[in-house]
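One structure is given here, and the rest of the page talks about it.
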Amino acid sequence: MSDIQTLGLHDPVFGSQIAFRSILRAMSTPGTCVTVPNDLGGAPDGLCPATSAIILTLCDYETPVFFAHPINGISDWVRFYTGAPGVRDPLDAKFALLDGASSEHSFAEFHQGDDRYPDQSATLIIECMSFSGGPRIRLTGPGIDSEIEISPLGLHKNFWKNMARNNAQFPLGVDVILAAGFELIALPRSVRIEETS
Amino acid sequence: MYVAVKGGEAAILATHDLVAEERRGALDVPELSVAQLREQQKLGLARIMNEGSLYDEDLAALAMKQTQGDTIEAAFLLRAYRTTLPRFGASVPLDTAKMAIRRRISATYKDLPGGQILGPTYDYTHRLFDFHLMKPSEQSPKATVADEPVDRSMPRVPDILGDEGFMERELPATNDPKPYDITRDPIEFPADRDVRLQTLARGDEGFLLGLAYSVQRGFGGNHPFAGEIRMGEVNVKFVPEELGFAIDLGEITLTECQMVNQFQGSKDVPPQFTRGYGLVFGHAERKAMSMAIVDRSLKAREFNETQEYPAQQEEFVLYHCDNVEASGFVEHLKLPHYVDFQGELELLRQMRAELNARSADFVPEAAE
C-alpha cells in the first residue's frame, strides 16, 4: 500500500464534518444519492472514496470493524487513522465492510441491537458498482416523500429480499449504507422495500 | 395577554459583547494571563479539572479566565471540550503507591513508615488575612530544603491494616473486567462501585462535602478515620500496541484519601475495618475526603445496612452530585416557559371563577 500517511482525510476536522453531514443527509432521506466531495482525502486500494470517507468519519477505537474480504493492508489503515480494531467474528462488529456482489455473509450474522438499545446494532457498508443500471427498487417510509426509486448495480440477486427481511425486524436489525465511487445511499432499517422490476 | 418580544438574536449577540467587557473589567488594571492563573490558582484549577473531568492545567486556567472564575461554567467548558477529543486507548491503572509524595499524613498512626509529611497545606494557617498580598511581593517566597529527601516509597496505611487481616479485602471481580465508562453508557441502578467512584470523582465538592458532613452527624452509620491522605505526582503510562510495553505519557498531580471505617461484621464475615476511597486530580483534600466518606456510605447496599439517609441512597447521590447536570436543570428555568405559564394562568383563572361561583351560591341571608 502506498504511503499510508496520505490516505486519510486531508483535514480531519472539517473533512469529517463534511462527511458526517453527507451520511446524516443520506440517513435522514433514505434512497437519496449523496455525493461526497472528491477532495476530502485519499482512499486505500480496494476501497471506494465514499466508503473510505464513511470509515474515517464514523469509526474510532471503540467501534470494531469487520472486513468480509481481505484487502491488503486494510486493517493497518483503519487502525492507523481511527484506532478501530478489526474483528474476526461479525457479531462483534459495529461496522462491517461487505462486497454487495457476494452473498457470503447474511445480515443475521451481525449484531441486531436489542429491545432496550436497538441502536447498538451494526452498520453495514456495502459496496456496489454504481447506482444506476440495476433492478428498480421502490422505497417508502420515514424520511421519504411518498416514494423514491433506486437501481443500484452490482448487488447479488437475493440482496433486496434479505434487506426486506432485515427491515421487517424494525426496530431491530442492521442499517445499511450502499457506496459506489463518491456516492452513497443509506438504507436504514425503517425503510420499506419493494422490488418493482 | 402576554406577547413575545422580537429582536432576540440581536439581543443575544449583544450579551457576548457585554460578557467580554465585564470579563476584562477596568482597563487601567492589567489583564489576567492564563499563565498567572495556571501558576497561582492551582487549587481552583484542581476543582475545575475534577468537575470538568479532564486533566489539563492550561485549559482549566483558560476556562477560569473565560468564565471570570465561575467554577461550574469553567467545568462545563472542559466537559464540552472533552467530548471533542478523539480517544486512542486507556492508560495502565495509576499506581499511587509510586507517587512522588509532596504531602502524606495519617490520623490513625502517629509514627508510620515514611513519616508524616505535612507539605503545602492550609491546615495550620490561622485564617487571618495577610494584607502583604495586596501588593506584589518584594521577595520570592522560598521554603527551606530539608537535609534528606522524603522516602522514595511509602506503604499505604490501609495496606498495613490489611497485612494484619483487619481491613476489608477489595479484589477485582473475576477476570478483572473493564470498568464501566459513565461517559459512554448511561448509569443504571443498582450501580456498581466503578460507576459510583467515577461519578463521585466528578461530583460537586460542595454537595459531597455536605453529604459527608451529614454522615458524620449521624445521617448514616459510619465513623470514619483518615487512614491516609497523600498528594503528589503520579506517572501516566500507556501500552501502545505496536510496542507491547508501557511508555510514560507524563505525570499528573493526584490527591488520594483512604478512610478507615468502623467494624463491620456479619455471620459470614468477621468484624473488620471497611474502606472509603477518594481520588481526585490536583491538590484537593476536602473533595478527596468527602468522596471517601460518601463512597463508604454508598456501600450500605453491599453491606446490608439500612439505607435510611440521603448519603446512603445511590440514586439520590449519583444523580444529584453532577453540578453541570444540576445547573443545567436548575438554570433551564430561565428558558421561555411562556406557553406552560399561560396554561397555568388560565387554569388559575378558571379555578378562581369556579370558587367565586360556588361561594356566590352560599352567600348567607346577610344580603337583607
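The values are calculated or read from the model by the stated rules, or taken from the named source; none is laboratory data. None of the values given here were measured: they were computed from a predicted structure. Backbone-built Cβ (ideal geometry, glycine too); neighbour counts: all protein chains shown.
Before moving on, here are some points about what is shown:
- Residue within segment B:120-127 that is surrounded by fewer than 10 Cβ atoms within 10 Å (Cβ to Cβ), farther than 26 Å from B:ASN235 by Cα and modelled with pLDDT under 95 present: no
Rundown of residues vs (1) touching a strand residue (DSSP E or B) at 6+ places or on another chain (Cβ under 8 Å); (2) outside any strand (DSSP E or B); (3) β-branched (Val, Ile, Thr), yes/no style:
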| position | (1), (2), (3) |
| --- | --- |
| B:ALA212 | no, yes, no |
| B:VAL215 | no, yes, yes |
| B:ASN222 | yes, yes, no |
| B:GLY232 | yes, no, no |
| B:ASN235 | yes, no, no |
| B:GLY244 | no, yes, no |
| B:LEU254 | yes, no, no |
| B:PHE263 | yes, no, no |
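- Residue check, A:SER75 in contact with a Gly (Cβ under 8 Å, 6 or more places away or on another chain), modelled with pLDDT of 95 or more and not aliphatic (A, V, I, L, M): no
- Exactly one residue among B:GLU205, B:GLU170, B:GLU148, B:GLU228 is farther than 18 Å from B:ASP95 by Cα and either touching a residue at least 12 places away in the same chain (Cβ under 8 Å) or within 14 Å of chain A (Cβ to nearest Cβ) (or both), and that residue is B:GLU205.
- Candidate set: segment B:85-108, residues that are polar (S, T, N, Q) and over 28 Å from B:PRO177 (Cβ atoms); chosen: the one farthest from the other protein chains (Cβ to nearest Cβ): B:THR108
- Unmet criterion (only one of (1) within 16 Å of A:HIS10 (Cβ to Cβ); (2) away from chain B (no Cβ under 12 Å)) for A:ALA68: (1)
- Residue that is farthest from the other protein chains (Cβ to nearest Cβ), among those in segment A:45-65 that are among the aliphatic types (A, V, I, L, M) and under 14 Å from A:PHE20 (Cβ atoms): A:ALA50
- Hits in segment A:141-187 - residues which are of a type in the set (S, T, N, Q) and surrounded by 16 or more Cβ atoms within 10 Å (Cβ to Cβ): A:ASN162, A:ASN166, A:ASN167, A:GLN169
- Exactly one residue out of B:PRO155, B:PRO177 is more than 14 Å from chain A (Cβ to nearest Cβ), within 28 Å of the chain's Cα centre (by Cα) and under 28 Å from B:GLU51 (Cβ atoms), and it is B:PRO177.
- Hey, B:ARG275 surrounded by fewer than 24 Cβ atoms within 10 Å (Cβ to Cβ) and part of a strand (DSSP E or B) or not: yes
- Members of segment B:70-98 found to be part of a helix (DSSP H, G or I), without any contact (Cβ under 8 Å) to a residue 12 or more places away in the chain and not acidic (Asp, Glu), listed by number: B:ALA80
- Residues of segment A:146-156 classified as among the charged types (D, E, K, R) and either part of a helix (DSSP H, G or I) or touching a residue at least 12 places away in the same chain (Cβ under 8 Å) (or both), total: 1
- Selected residue (only one of B:PRO190, B:PRO172, B:PRO158, B:PRO179 is at pLDDT below 90 and in a loop (DSSP other than H, G, I, E, B)): B:PRO172
- Top-ranked residue in segment A:102-140 [being modelled with pLDDT of 95 or more and touching a His at 6+ places or on another chain (Cβ under 7 Å); ranked as surrounded by the fewest Cβ atoms within 10 Å (Cβ to Cβ)]: A:SER121
- For segment B:174-186, the set of residues classified as under 14 Å from A:ARG116 (Cβ atoms) and surrounded by 13 or more Cβ atoms within 10 Å (Cβ to Cβ) is empty.
- Residue within segment A:77-96 that is crowded, with 16+ Cβ neighbours inside 10 Å, assigned to a strand (DSSP E or B) and more than 14 Å from chain B (Cβ to nearest Cβ) present: yes
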